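The values are calculated or read from the model by the stated rules, or taken from the named source; none is laboratory data. Only a predicted model underlies this, so the values are computations on that prediction, with no experimental measurement involved. A quick note on method: Cβ atoms are made from the backbone with ideal geometry, for glycine too, and the neighbour counts reach across all protein chains shown.
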Amino acid sequence: MIKITVKKRNHSYVSFTSSGHAGYAEEGQDIVCAAVSALIINTVNSLEAFTDDSIEAEEKDGYVSFHFMKPATERGTLLMDSLVLGLTDIAHSYKNRYLTIKVKEV
């Protein structure tokens, strides 16, 4: 299962972590993992290309983490809202069997 945690402080995004594998299908055939990966990678790339947000990111097999160095800009917030929406829709589509997402106020 993929476990995702999004942290916010005063309604502003602070950090994001994703760990694990969906287990929907074999490696290379897992459409849930592919969808989640595409959303996360696109969001990180978009934050870097289209915003003035400063983030630090780390990636290794089955794990992605990034955090905002200062509060997210309006564009960064919109991109993060989009990421959370997409991931939540995937989780609900598969009845939270392969993906869980938690948004925490810290």
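For the stretch 45-76, what are the residues that are at pLDDT 95 or above and under 20 Å from Tyr24 (Cβ atoms)? The answer is Tyr63, Val64. Answer yes if at least one residue in the stretch 77-97 is modelled with pLDDT of 95 or more, within 15 Å of Tyr13 (Cβ to Cβ) and of a type in the set (Phe, Trp, Tyr), and no otherwise. The answer is no; no qualifying residue exists.
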